[in-house]
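Worksheet for the structure shown next.
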Amino acid sequence: MFCKGFRVGTEVPWGFTAGTFYHADGRQPDFYFLRHADRTIAIELAEPAKFGLVVVEVGPDETPEEVAAKIQAAVDQLAGEAQNQASHGSATAATGATEAATGDPDLLAPLLET
């Protein structure tokens, strides 16, 4: 059996998952903090972030899609501000992109493989 990576953290079957998942291929580790996989949001981070993917559960008052839309709007706003600063000769400009995704089985696969 081929090992795809390992987890450091807490996992209670059908209960709670929290911790870091390290990939055997050397990619950045992923971070999970959730109880209900159907209420999660997966956020793919750009380099030089500590984690490649952060998977967290959203609160009971919002859907994962609503939270993803809010995060994407904030990222777009920051990217626009950074671009504006860069075009005005500012020495500090944000780089990298952040994408929010919900329910993507490819992003959630390490969590769902037990």
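Of all the criteria given as (1) touching a Pro at 6+ places or on another chain (Cβ under 9 Å); (2) open to solvent by less than 60 Å² (accessible area, probe 1.4 Å), the one not satisfied by residue 54 is (1). Within 14 Å of the chain's Cα centre (by Cα), open to solvent by less than 60 Å² (accessible area, probe 1.4 Å) and of a type in the set (Phe, Trp, Tyr): is that true of residue 33 in this structure? Spelling it out, it is not the case that residue 33 is within 14 Å of the chain's Cα centre (by Cα), open to solvent by less than 60 Å² (accessible area, probe 1.4 Å) and of a type in the set (Phe, Trp, Tyr).
Checked against (1) open to solvent by 40 Å² or more (accessible area, probe 1.4 Å); (2) within 26 Å of residue 16 (Cβ to Cβ); (3) modelled with pLDDT of 90 or more, residue 69 meets all criteria but (2). Please find, within the range 37-51, the residue that is surrounded by the most Cβ atoms within 10 Å (Cβ to Cβ) out of those that are closer than 19 Å to residue 22 by Cα and among the small types (Gly, Ala, Ser). Among them, the one singled out is 42.
Test residue 81 against the stated conditions and say whether it is open to solvent by less than 90 Å² (accessible area, probe 1.4 Å) and part of a strand (DSSP E or B). Break it down into steps so the answer makes sense when it comes.
Details: open to solvent by less than 90 Å² (accessible area, probe 1.4 Å): yes; part of a strand (DSSP E or B): no.
No: the conditions fail for residue 81.
For the range 16-57, the set of residues classified as over 22 Å from residue 79 (Cα atoms), of a type in the set (Phe, Trp, Tyr) and without any contact (Cβ under 8 Å) to a residue 40 or more places away in the chain consists of 16, 22, 31, 33, listed by residue number. Scanning the range 23-53 for residues that are closer than 16 Å to residue 9 by Cβ and hydrophobic (A, V, I, L, M, F, W, C) yields 31, 33, 34, 37, 51, 53.
The values are calculated or read from the model by the stated rules, or taken from the named source; none is laboratory data. Not measured: the values here are computed from a predicted model. Glycine gets a Cβ as well: all are built from the backbone with ideal geometry, and neighbour counts include every protein chain shown. In case anyone asks, the SASA skips ligands and DNA or RNA and just uses the protein heavy atoms, side chains included. Shrake-Rupley method; radii C 1.70, N 1.55, O 1.52, S 1.80 Å.
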